[in-house]
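Asker: Please read through the structure below; I'll follow up with questions.
The values are calculated or read from the model by the stated rules, or taken from the named source; none is laboratory data. Everything numeric here is computed off the predicted structure, so don't read it as measured data. Neighbour counts are summed over all protein chains in view; Cβ atoms, including those assigned to glycine, are modelled from backbone coordinates with ideal geometry.
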Amino acid sequence: MSHSSPANTGSSEHAEPRPRIEPRPRIEPRPRNERLYRQGLEAGLSELQARLLAGRLPDYQGELGPLVDPSLRHLVHPERLADAPRAAERIAQAVAEGEHIGILTDYDVDGITSHVVIRRTLNELFGVPESRLHSLIGHRIHDGYGISLPLVERTLKLTPRPSLVITADCGSSDEARIARLKAAGIDVVVSDHHALPQEGPPPSAYATVNPTRADCDYPDATIAGCMVAWLLMSLTRQVLIEQAVLSPSTPKLSPWLSYVALGTVADCVSLGGSAINRAVVRHGLALINRMGEPCWRVMAERLGADSVPFDAETLGFQMGPRINARSRLDDPYAALHFMLAGDDGVARRHLETLDADNQSRKAIEADMVAEARLLARRALDADEPVVIVYLENGHPGVQGIVASRLVQAYGRPTLVLTPAAEAGMLTGSGRSVEALHLRDALQRAHDLAPEALTRFGGHRGAAGVGVVQERLDDFRQALITAVSEQLGDLELVPRLYTDGELGEHQLSLETLAEIEGLGPFGREFEAPLFEGRFLVERLKPVGDGSHLTLELSCRGLTLKAIWFRCLTPGQLPDFDVGATLHCAYKLNRNRFRGRESLQLMVEHAEPVE
């Protein structure tokens, strides 16, 4: 089911808008890794579990153990991270000699959780007093990403000035600003996970710990920034014990893996073939569900008693957006103070701020998505392989979410641009489709139009850019060329890949438990999506009128279902009671007043003729 939006054809100032029929998502079966399917069955997995594994890991060649039983024994010693021993020695020196230390991190969830890991380790485990620690987090809109010039200026004005700055989740591409700090007598230890520039690590950094380094022996380059920070601080603890600065009984950093789990899920790093990411998220969720920290307790209180235990979806869709909303709209320190809160009252107060920001973000997002859909029409009508929209009045903090919505709607990589703080510049966020490596495409676009694309960075699935406004058309053409080279003649439509059908006997909480045994689910290990035909027994719009509750029946079995954001408020669906729907759906555990029941979460449905 889809809904059309009016769009200006551009043919006449007074032309009537012509409705555009938006593409319907295509429900398709996931390709299956037959070798892995057989391997799963031979290892004793159920048919459904083997099917789910085989549909998520098309090229996986490793052992099953790390996938189906993620545990901390799969972690790899941090000494294998290039430059980590040198970095740890320098941090240990700063701890031992009482230096002032700056902690400089990104403003998103990965950056905030990295900040918490470093700060709590230095203060609570290594004994560095709060007075010698300086939190340095940029403002997304006023400062920009990474070691920005305003952050450098702020650092240089500190009294006393730190002699060491530790970064996390940023710094790999900030040579010019690192050189400025070095010239002022400040050593910079970079810990990051973003792709390095072609010329390599920043030469002015004292050390650069980044698993994507070409000379790095660490076996997993997909770990999040918070995990790099956790590994580096774990190695620093080892160095301080070896130097007899700390007692061998100094606690390990294991409790902080709760924060690493949140940052890992929220940063959308791979939960597919990465044994480390899977282990960290599973272990971190177990820690979170002990509810030992105020931030977890207060969030559970806000979401309701039925939200516990948290799962990866809770982190990705409830906690993550609230923490990100603060930095999208304002300075990020309320998010940091929420995560660091020492009691429930303080955490509750900061969560109120995050919640209010999240509601504001949703309203801004809705307006921007509506405008972006209209502007996307030009690219769609021209059948361009990438959608690039410039929102003159758009909020830069919501670009990435808007881009994601357009990718879902049109099945094409999308870049959303808004004015930057710097005159004559645009800033943008992009999201990709499975078939396109977005950062590689941007590298190619930069090669084609270096004067148009002055800054870019990111991953396969997401990236950020800085574009010269006067050269927007040059950038557009360069990126279209780059994307076309990668995708060739691939048909670009929104696709929903399902894990096939379930028998009516499998529509049960027992099946959901069977599925949950394979968790955690996330990027490159998506939560299972099934397809099937159901008869509509009842339906009712709810909430603001954009959501639909349903009762669906299948061979005598009746189930409750909900379909979020499927309607334009005030409109009714294009089917009624008695219709047969072809649905793509997830199984969901609905908790209400201590009782559990199965609920279907409909992702897409079409009436069957």
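Asker: Residues to consider are SER327, SER270; find the one that is more than 20 Å from GLY517 (Cα to Cα), small (Gly, Ala, Ser) and touching a Lys or Arg at 6+ places or on another chain (Cβ under 7 Å).
Answerer: SER327
Asker: Sticking with this structure for a sec: Condition first: assigned to a strand (DSSP E or B), among the β-branched types (Val, Ile, Thr) and under 25 Å from ARG405 (Cα atoms). Can you find one or more residues in the range 560-572 that meet it?
Answerer: Checked against the condition, which is being assigned to a strand (DSSP E or B), among the β-branched types (Val, Ile, Thr) and under 25 Å from ARG405 (Cα atoms), the range 560-572 yields at least one hit.
Asker: Still on this model: Can you tell me which condition ASP331 does not meet? The list is (1) charged (D, E, K, R); (2) outside any helix (DSSP H, G or I); (3) without any contact (Cβ under 8 Å) to a residue 60 or more places away in the chain, and all the others hold.
Answerer: Exception for ASP331: condition (3).
Asker: Now for a different question. Looking at the range 556-587, which of its residues are exposed (fewer than 12 other Cβ atoms within 10 Å of the Cβ) and among the β-branched types (Val, Ile, Thr)?
Answerer: Hit for the range 556-587 is VAL577, nothing else.
Asker: Using beta carbons and a limit of 6 Å, which pairs, at least six apart or on different chains, have the first residue in the range 430-447 and under 20 Å from SER404 (Cβ atoms) and the second one among the aromatic types (Phe, Trp, Tyr) and surrounded by fewer than 22 Cβ atoms within 10 Å (Cβ to Cβ)?
Answerer: As it stands, the answer is LEU442/PHE456, since those pairs meet every condition given.
Asker: Consider GLU485 carefully, then state whether it is outside any helix (DSSP H, G or I) and either over 19 Å from PRO58 (Cα atoms) or hydroxyl-bearing (Ser, Thr, Tyr) (or both).
Answerer: No, not satisfied.
Asker: Further, regarding this structure: Mind listing whichever residues of the range 382-398 are free of Cβ contacts under 8 Å to residues at least 40 places away in the same chain and either in a helix (DSSP H, G or I) or over 24 Å from the mean Cα position of the chain (by Cα) (or both)?
Answerer: ALA382, ASP383, GLU392, ASN393
Asker: If I ask for residues that are in a loop (DSSP other than H, G, I, E, B) and in contact with a strand residue (DSSP E or B) (Cβ under 6 Å, 6 or more places away or on another chain), which ones from the range 220-271 would you list?
Answerer: If the condition is that a residue be in a loop (DSSP other than H, G, I, E, B) and in contact with a strand residue (DSSP E or B) (Cβ under 6 Å, 6 or more places away or on another chain), then LEU271 is the only one that fits.
Each row is one residue, and each column tells you yes or no for (1) within 27 Å of PHE310 (Cα to Cα); (2) surrounded by 17 or more Cβ atoms within 10 Å (Cβ to Cβ); (3) in the same structural domain as ASP174 (by TED's automatic domain parsing).
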residue: GLY457; (1), (2), (3): no, yes, no
residue: GLY464; (1), (2), (3): no, yes, no
residue: ASP473; (1), (2), (3): no, no, no
residue: ASP489; (1), (2), (3): no, no, no
residue: GLU526; (1), (2), (3): yes, yes, no
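Asker: OK, next. Return the only residue of LEU375, LEU406 being of a type in the set (A, V, I, L, M, F, W, C), in contact with a Ser or Thr (Cβ under 8 Å, 6 or more places away or on another chain) and not in a strand (DSSP E or B).
Answerer: LEU406
Asker: Could you tell me whether any residue of the range 541-551 is over 30 Å from VAL68 (Cα atoms), of a type outside the set (A, V, I, L, M), free of Cβ contacts under 8 Å to residues at least 24 places away in the same chain and touching a strand residue (DSSP E or B) at 6+ places or on another chain (Cβ under 6 Å)?
Answerer: Looking through the range 541-551, at least one residue is over 30 Å from VAL68 (Cα atoms), of a type outside the set (A, V, I, L, M), free of Cβ contacts under 8 Å to residues at least 24 places away in the same chain and touching a strand residue (DSSP E or B) at 6+ places or on another chain (Cβ under 6 Å).
Asker: Give the number of residues within the range 260-275 that are within 19 Å of ARG73 (Cβ to Cβ) and either crowded, with 24+ Cβ neighbours inside 10 Å or without any contact (Cβ under 8 Å) to a residue 12 or more places away in the chain (or both).
Answerer: 5
Asker: I'd like the residue in the range 417-440 that is among the acidic types (Asp, Glu) and in a loop (DSSP other than H, G, I, E, B) and, out of all such residues, is farthest from the chain's Cα centre (by Cα).
Answerer: GLU422
Asker: Return a yes/no flag: does the range 574-581 have any residue that is within 23 Å of GLN506 (Cβ to Cβ) and assigned to a strand (DSSP E or B).
Answerer: Yes, there is a match, as at least one residue in the range 574-581 is within 23 Å of GLN506 (Cβ to Cβ) and assigned to a strand (DSSP E or B).
Every residue, every condition in (1) within 25 Å of HIS395 (Cβ to Cβ); (2) modelled with pLDDT of 95 or more, yes or no:
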residue	(1), (2)
THR113	yes, yes
ASP143	yes, no
ILE166	no, yes
GLY171	no, no
ASP174	yes, no
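Asker: Okay, moving on. Within the range 199-219, count every residue that is assigned to a loop (DSSP other than H, G, I, E, B), over 21 Å from the mean Cα position of the chain (by Cα) and either under 20 Å from ALA279 (Cα atoms) or in contact (Cβ under 8 Å) with a residue 60 or more places away in the chain (or both).
Answerer: 8
Asker: Next question, about the same structure. Given the criterion acidic (Asp, Glu), out of contact with any Gly (no Cβ under 8 Å at 6 or more places or on another chain) and within 20 Å of ALA334 (Cα to Cα), identify the matching residue among GLU130, GLU175.
Answerer: Criteria check complete, one pass: GLU130.
Asker: Taking into account only those residues within the range 366-381 that are over 21 Å from PHE475 (Cα atoms) and in contact (Cβ under 8 Å) with a residue 40 or more places away in the chain, which is surrounded by the fewest Cβ atoms within 10 Å (Cβ to Cβ)?
Answerer: ALA370
Asker: Identify, please: which residue in the range 70-100 is among the charged types (D, E, K, R) and at pLDDT 95 or above and is, among those, farthest from the chain's Cα centre (by Cα)?
Answerer: Result: GLU97.
Asker: Ok, one more. Go over the candidates GLU537, GLU514, GLU504, GLU434 one by one and state the one that is within 30 Å of ASN277 (Cβ to Cβ) and in the same structural domain as ARG595 (by TED's automatic domain parsing).
Answerer: Exactly one residue qualifies, and that residue is GLU514.
Asker: Collect the residues in the range 529-559 that are more than 22 Å from LEU502 (Cβ to Cβ) and part of a strand (DSSP E or B), keeping them in residue-number order.
Answerer: LYS540, PRO541, VAL542, HIS547
Asker: Quick one: count up the residues across the range 40-65 that are closer than 16 Å to LEU502 by Cβ, surrounded by fewer than 21 Cβ atoms within 10 Å (Cβ to Cβ) and without any contact (Cβ under 8 Å) to a residue 24 or more places away in the chain.
Answerer: So the count comes out to 1.
Asker: So LEU287 clears everything in (1) crowded, with 22+ Cβ neighbours inside 10 Å; (2) free of Cβ contacts under 8 Å to residues at least 60 places away in the same chain; (3) within 21 Å of VAL76 (Cβ to Cβ) except one condition, right? Which one?
Answerer: (1) is the only condition that LEU287 fails.
Asker: In the range 519-543, what residues are over 18 Å from LEU57 (Cβ atoms) and of a type in the set (D, E, K, R)?
Answerer: Once the filter is applied, which keeps residues that are over 18 Å from LEU57 (Cβ atoms) and of a type in the set (D, E, K, R), the range 519-543 yields GLU531, ARG533, GLU537, ARG538, LYS540.
Asker: Now for a separate question. Pick out, from the range 35-147, the helices (runs of 4 or more DSSP H) lying fully within it that include 2 or more residues that are assigned by TED's automatic domain parsing to the domain that holds SER249, within 17 Å of THR167 (Cα to Cα) and among the hydrophobic types (A, V, I, L, M, F, W, C).
Answerer: Once the helices (runs of 4 or more DSSP H) in the range 35-147 are filtered for at least 2 residues that are assigned by TED's automatic domain parsing to the domain that holds SER249, within 17 Å of THR167 (Cα to Cα) and among the hydrophobic types (A, V, I, L, M, F, W, C), what remains is 84-96, 109-120.
Asker: Right, next: Return the total of residues in the range 441-456 being within 24 Å of LEU492 (Cα to Cα) and either in a strand (DSSP E or B) or not hydrophobic (A, V, I, L, M, F, W, C) (or both).
Answerer: 3
Asker: Then there is this: May I ask you to list the residues in the range 290-313 that are in contact with a Pro (Cβ under 8 Å, 6 or more places away or on another chain) and surrounded by fewer than 17 Cβ atoms within 10 Å (Cβ to Cβ)?
Answerer: Of everything in the range 290-313, just one residue is in contact with a Pro (Cβ under 8 Å, 6 or more places away or on another chain) and surrounded by fewer than 17 Cβ atoms within 10 Å (Cβ to Cβ), namely GLY292.
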